[in-house]
1. Among the listed residues ASP127, ASP82, ASP58, identify the single one that is part of a loop (DSSP other than H, G, I, E, B), out of contact with any Cys (no Cβ under 9 Å at 6 or more places or on another chain), under 21 Å from ASP9 (Cβ atoms) and not aromatic (Phe, Trp, Tyr).
2. How many residues does region 1-30 hold that are open to solvent by less than 50 Å² (accessible area, probe 1.4 Å), modelled with pLDDT of 95 or more and over 15 Å from the mean Cα position of the chain (by Cα)?
3. Since LEU106 meets every condition but one in (1) closer than 24 Å to GLN68 by Cα; (2) open to solvent by 50 Å² or more (accessible area, probe 1.4 Å); (3) at pLDDT 95 or above, which condition does it not meet?
4. Looking only at region 59-72, how many residues end up being open to solvent by 70 Å² or more (accessible area, probe 1.4 Å) and either of a type in the set (A, V, I, L, M) or touching a Leu at 6+ places or on another chain (Cβ under 8 Å) (or both)?
5. Looking at ASP75, ASP43, which is the one that is surrounded by fewer than 19 Cβ atoms within 10 Å (Cβ to Cβ), in contact (Cβ under 8 Å) with a residue 24 or more places away in the chain and not polar (S, T, N, Q)?
6. Would you call ASP33 open to solvent by 70 Å² or more (accessible area, probe 1.4 Å), at pLDDT below 95 and not aromatic (Phe, Trp, Tyr)?
7. ASP28 versus (1) free of Cβ contacts under 8 Å to residues at least 60 places away in the same chain; (2) in a strand (DSSP E or B): which is the lone unmet condition?
8. Pull out all pairs, ordered by first then second residue, where Cβ-Cβ is under 7 Å, the residues are six or more apart or on different chains, the first lies in region 116-145 and is under 15 Å from ASP28 (Cβ atoms), and the second is aromatic (Phe, Trp, Tyr).
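The values are calculated or read from the model by the stated rules, or taken from the named source; none is laboratory data. A quick note: this is a predicted structure, and the numbers were derived from the prediction, not measured. Reconstructed Cβ throughout: ideal geometry from the backbone, glycine too, with neighbour counts over all protein chains shown. Surface accessibility is based on the protein's heavy atoms, side chains included, excluding ligands, DNA and RNA. Shrake-Rupley method; radii C 1.70, N 1.55, O 1.52, S 1.80 Å.
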Amino acid sequence: MNNIEIREDVPLPFAAGAFEKKLNAVLDYLKIDNWELSVVVTDAETIRGLNRDFRETDSATDVLSFPQEGEVQPDGFFYAGDLVFCPEQIDENCRRFGEDTETEWLRLIIHGILHLSGYTHAGYESDDPMIRYQEEILQELKKGV
């Protein structure tokens, strides 16, 4: 079991319960069952500031991951980190790439969780190992989520 705290600074395009179900589906797929993580859904201005401050990139983005290092706590949970999502940017992705909302959100949940798991990527090309793994997971989860 994982412990997920979701804060909506701006509304999700679907029910919070569905969002949490998608987060848990990715964690289950990766066989992660003791994570505690914080998830924030925010606006473009806020994520742009975070991207600028922590990644030195002065632009809004769709998802940011802030992994934490540490040990399993006495309650059995490992605080994995924080995920920050920006619905405005995700909507822009959908328009730009012709993707449906549910698939793009699932893709970015996978992307963020992979980063919290220690995965990195050099670019966004389909031959990058992390991106390839992300898309494999996406195809598997779309069958059941």
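1. ASP58
2. Looking only at that region, the number is 1.
3. Failed condition: (2).
4. Matching residues across region 59-72 total 2.
5. Every option except ASP43 fails the conditions.
6. Criteria met by ASP33.
7. If we test ASP28 against (1) free of Cβ contacts under 8 Å to residues at least 60 places away in the same chain; (2) in a strand (DSSP E or B), just (2) comes out false.
8. Pairs that qualify, where the first residue is under 15 Å from ASP28 (Cβ atoms) and the partner is aromatic (Phe, Trp, Tyr), are ILE137/TYR29; GLU140/TYR29; LEU141/TYR29.
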